[in-house]
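This report refers to the structure that appears directly beneath it.
The values are calculated or read from the model by the stated rules, or taken from the named source; none is laboratory data. Not measured: the values here are computed from a predicted model. Methodologically, a virtual Cβ is constructed for each residue, glycine included, from the backbone with ideal geometry; neighbour enumeration extends over all protein chains shown.
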Amino acid sequence: MDYRNYNLNQKEIALCLLQSGGMSLLIAGLFYHSFWGILLALPLIPFFLYQCKEYGKVRQQRELSFGFKECIRLAAAAMRAGYSPENAFAEAEKELSHLLSEQDMMCRELREINRQVRLNIPLEKLLSEFAFRSGVEEIRIFAQVFAHAKRSGGDFIRILQETAQRISDKVEVLQEIQTVIAAKEMEQKIMNVIPLGILLMVSLGSPGFLDVLYQSAFGRCVMTLCLLIYGAAYLLSKRIVAIEV
């Protein structure tokens, strides 16, 4: 499985199409008062699908980072008990399935890695391939250091412990950031809705007040410009609250 991409399931696709369809109708009604305005809003459909895929990919990689942290923590404990790296990952698979679940992404990956290790495929090669597919920087760095240590006889226990601690610190920082900016994210969503709410309120409260913007070419150009500015503000607000670690 390539974790650098995220495939939406049928439920997610239906939800995204419903959201994009609703936004298309809302934009057509508020900005153009015309059914033909839906045609201008059709690009929202692939945009929403892209946003859903990006959100799913980020969530998927965060879950993978958490599972990998637990995996190498368990492997380090097994190596301290005297197991070889290959046997340590086999022991980690048993414990990880109880800690998480059999269907967890990291459990499936670890199960496949151990299966191929039993076929005499080098562990460092399997970890490198997994790191490439994961798209997670910490896993990639760990695979590189692990392969180098395997060739040069490095301290595996220290490598596993330091990697687990680094990923754990990153997860904790991400959780703290999410807690701090949770209120700001809610404010961002409210601010995104306010312009549409004002336009809807004016349209319902004074039906003829904005007719000049809907019944002339100049007015439609003005509304299109407003729509573009609104879209740019929406994207900017998303970038402001998207803090990477």
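Each row is one residue, and each column tells you yes or no for (1) closer than 16 Å to MET1 by Cβ; (2) hydroxyl-bearing (Ser, Thr, Tyr).
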{"residue": "LYS94", "(1), (2)": "no, no"}
{"residue": "SER97", "(1), (2)": "no, yes"}
{"residue": "GLN103", "(1), (2)": "yes, no"}
{"residue": "GLU109", "(1), (2)": "yes, no"}
{"residue": "GLN116", "(1), (2)": "yes, no"}
{"residue": "LYS125", "(1), (2)": "no, no"}
{"residue": "ALA131", "(1), (2)": "yes, no"}
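Which of the residues belonging to the range 168-199 are among the small types (Gly, Ala, Ser) and over 30 Å from GLU138 (Cβ atoms)? Even if it seems obvious, please write down each step before you answer.
So the first thing to find is which residues in the range 168-199 are among the small types (Gly, Ala, Ser), and the list is 168, 182-183, 197.
Answer for the range 168-199, where residues must be among the small types (Gly, Ala, Ser) and over 30 Å from GLU138 (Cβ atoms): just GLY197.
Which residue out of LEU227, LEU204, LEU196 is among the hydrophobic types (A, V, I, L, M, F, W, C), over 20 Å from MET106 (Cβ atoms) and more than 31 Å from the chain's Cα centre (by Cα)? If you could, list the steps in order and put the result at the bottom.
Numbers: LEU227 fails: more than 31 Å from the chain's Cα centre (by Cα); LEU196 fails: more than 31 Å from the chain's Cα centre (by Cα).
Going through LEU227, LEU204, LEU196 in turn, just one is among the hydrophobic types (A, V, I, L, M, F, W, C), over 20 Å from MET106 (Cβ atoms) and more than 31 Å from the chain's Cα centre (by Cα): LEU204.
Tell me the helices (runs of 4 or more DSSP H) entirely within the range 1-90 that contain at least 3 residues that are over 30 Å from THR224 (Cβ atoms), in contact with a helix residue (DSSP H, G or I) (Cβ under 9 Å, 6 or more places away or on another chain) and modelled with pLDDT of 85 or more.
Numbers: elements: 10-27, 37-41, 44-80.
Of the helices (runs of 4 or more DSSP H) lying wholly inside the range 1-90, those with at least 3 residues that are over 30 Å from THR224 (Cβ atoms), in contact with a helix residue (DSSP H, G or I) (Cβ under 9 Å, 6 or more places away or on another chain) and modelled with pLDDT of 85 or more span 44-80.
Condition check: more than 30 Å from VAL241 (Cβ to Cβ), exposed (fewer than 14 other Cβ atoms within 10 Å of the Cβ) and touching a residue at least 12 places away in the same chain (Cβ under 8 Å). Does ARG80 satisfy that?
Values: more than 30 Å from VAL241 (Cβ to Cβ): yes; exposed (fewer than 14 other Cβ atoms within 10 Å of the Cβ): yes; touching a residue at least 12 places away in the same chain (Cβ under 8 Å): yes.
Spelling it out, ARG80 is indeed more than 30 Å from VAL241 (Cβ to Cβ), exposed (fewer than 14 other Cβ atoms within 10 Å of the Cβ) and touching a residue at least 12 places away in the same chain (Cβ under 8 Å).
For a quick check of your reading of the model, give me the residue pairs whose first member lies in the range 207-234 and is over 26 Å from SER20 (Cα atoms) and of a type in the set (S, T, N, Q), whose second is modelled with pLDDT under 80 and surrounded by 10 or more Cβ atoms within 10 Å (Cβ to Cβ), with beta-carbon atoms closer than 8 Å and at least 6 apart or on different chains.
Listed pairs, sorted by first residue: none to list.
Got a sec? Which of ILE121, ILE141, ILE157 is touching a helix residue (DSSP H, G or I) at 6+ places or on another chain (Cβ under 6 Å) and either of a type in the set (Val, Ile, Thr) or closer than 14 Å to PHE89 by Cβ (or both)? Steps first, please.
Details: ILE121 fails: touching a helix residue (DSSP H, G or I) at 6+ places or on another chain (Cβ under 6 Å); ILE141 fails: touching a helix residue (DSSP H, G or I) at 6+ places or on another chain (Cβ under 6 Å).
After ruling out the rest, the residue left standing is ILE157.
Kindly indicate whether any position in the range 146-162 is of a type outside the set (D, E, K, R), within 26 Å of the chain's Cα centre (by Cα) and closer than 18 Å to ARG62 by Cα.
No, because not a single residue in the range 146-162 is of a type outside the set (D, E, K, R), within 26 Å of the chain's Cα centre (by Cα) and closer than 18 Å to ARG62 by Cα.
Kindly indicate whether any position in the range 174-196 is aliphatic (A, V, I, L, M), under 30 Å from ARG80 (Cα atoms) and surrounded by 11 or more Cβ atoms within 10 Å (Cβ to Cβ). Steps first, please.
Initial filter on the range 174-196 (aliphatic (A, V, I, L, M)): 174, 177, 180-183, 186, 190-191, 193-194, 196.
Checking the rest, the ones that are also under 30 Å from ARG80 (Cα atoms) come to 174.
Imposing the further condition that a residue be surrounded by 11 or more Cβ atoms within 10 Å (Cβ to Cβ) reduces the set to 174.
Yes.
Hey, does the range 209-222 have a residue that's at pLDDT 85 or above, under 30 Å from SER34 (Cβ atoms) and exposed (fewer than 11 other Cβ atoms within 10 Å of the Cβ)? If you could, list the steps in order and put the result at the bottom.
Start the filter on the range 209-222 by keeping residues that are at pLDDT 85 or above, which leaves 221-222.
Going one step further and asking which of them are under 30 Å from SER34 (Cβ atoms), we end up with 221-222.
Now narrow it down to the ones that are exposed (fewer than 11 other Cβ atoms within 10 Å of the Cβ): none.
Within the range 209-222, none of the residues are at pLDDT 85 or above, under 30 Å from SER34 (Cβ atoms) and exposed (fewer than 11 other Cβ atoms within 10 Å of the Cβ).
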